[in-house]
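Structure first, then comments.
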Amino acid sequence: MLSKLLRKAAPGPISAIAVESGSRIYAVGDIHGRADLLAGIIDRIGVDMDRHPGRRATTIFLGDYVDRGPDSRSVVDMLLALSRGEGTVCLKGNHEAVLVQFLHDPSLWDTWAAFGGVQTLRSYGLRVPTCLSREDQVRVAEEFRQALPWEHLHFLEGLALTYISGDVVFVHAGLRPNVPMDQQEEEDLLWIRRPFLDHREPFEYFVVHGHTPVESPEVHANRINIDTGAYATGRLSCVVLDGHSFTFL
């Protein structure tokens, strides 16, 4: 592990930390309905892949594809298309978890609406007010289930929680400190903030994550945060890891 805290968003080494030999990994932060930014980052990744032939390229999306931004449906369509080929990993974010939970429990409407669920419904052609009676919540959940393509639901329900390559774990929110990797709970992997962000010691793996918006990518001794608030800032970040080094697209 790195012996000191790095607070820079610039290319550099990550000391003894390395992804799997021969791999070049692209990790993309929280998208939140910004299909336009996703299209741009996909193009840039493609150009970078062409510049590094012979490397085994993997693109990892760190979750939070839906809500807040204007075009969640198109984001899911694009990720589905990428997932049909090789070399794409889509992880679950807390927003995907709440969306699926709402379909099974419409009483979660207020929570999902506060998270930007109204924008997601609009992207699927539904028009609903933010304040709904209990009866209306049930109706909207059913209307959304009807509007949601089966392959979208299958995609959202089947998202992985983590991806490990060499000494690096990719996860949406982070890890619970001092808990072994195989004992981490889904709620922490999707939702954790302060206990993880405040932890200064090494984790079992070096962590690449999103979930907590920052102005620019943050590089620490034990983690890299690449959630740069795309839906509000227009900045969708991607970190590239190859061997012991990293850079940003």
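Just a few scattered comments:
- Selection status of GLY40, more than 16 Å from the chain's Cα centre (by Cα) and in contact (Cβ under 8 Å) with a residue 12 or more places away in the chain: yes
- Within the range 94-116, residues that are over 15 Å from GLY69 (Cβ atoms) sit with their Cβ atoms under 6 Å from residues that are of a type in the set (Asp, Glu), at 6+ positions apart or across chains, in these pairs: VAL100/GLU157.
- ARG134 vs. criteria touching a residue at least 24 places away in the same chain (Cβ under 8 Å), surrounded by fewer than 15 Cβ atoms within 10 Å (Cβ to Cβ) and farther than 23 Å from GLY29 by Cα: yes
- Qualifying residue in the range 172-186 (condition: modelled with pLDDT of 95 or more, closer than 16 Å to HIS32 by Cα and surrounded by fewer than 20 Cβ atoms within 10 Å (Cβ to Cβ)): no
- When restricted to residues that are at pLDDT 95 or above, surrounded by fewer than 17 Cβ atoms within 10 Å (Cβ to Cβ) and among the polar types (S, T, N, Q), the range 207-246 contains 2.
- All of (1) in contact with a helix residue (DSSP H, G or I) (Cβ under 6 Å, 6 or more places away or on another chain); (2) under 23 Å from ARG223 (Cα atoms); (3) of a type outside the set (Gly, Ala, Ser) hold for LEU62 with one exception: (1).
The values are calculated or read from the model by the stated rules, or taken from the named source; none is laboratory data. This structure is a prediction, so every number in the text was calculated from the model and none was measured. No Cβ is skipped: glycine too gets one built from the backbone with ideal geometry, and neighbour counts run over all protein chains shown.
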